[in-house]
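Have a look at the structure below, then the notes.
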Amino acid sequence: MASRARVRAPELVGAGGWLNTGGKDLTLADFRGKITVLDFWKSYTI
């Protein structure tokens, strides 16, 4: 099996930050090693 190069993901930055109902600020590092689904949703997509 061929080995894969590890590429470090950049920190996600933006005007709104993360939407989190748990009240804790999140960073990309909080998701390291976890399966994560990102939903890029806007109100005009309805």
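Contact map, segment 27-46: first residue in a loop (DSSP other than H, G, I, E, B), second residue of a type in the set (Asp, Glu) and surrounded by fewer than 10 Cβ atoms within 10 Å (Cβ to Cβ), Cβ cut-off under 7 Å, separation 6 or more or different chains; pairs are 27/11.
Listed conditions (1) of a type in the set (Gly, Ala, Ser); (2) assigned to a loop (DSSP other than H, G, I, E, B); (3) modelled with pLDDT of 75 or more are all met by residue 16, apart from (3).
The values are calculated or read from the model by the stated rules, or taken from the named source; none is laboratory data. This structure is a prediction, so every number in the text was calculated from the model and none was measured. No Cβ is skipped: glycine too gets one built from the backbone with ideal geometry, and neighbour counts run over all protein chains shown.
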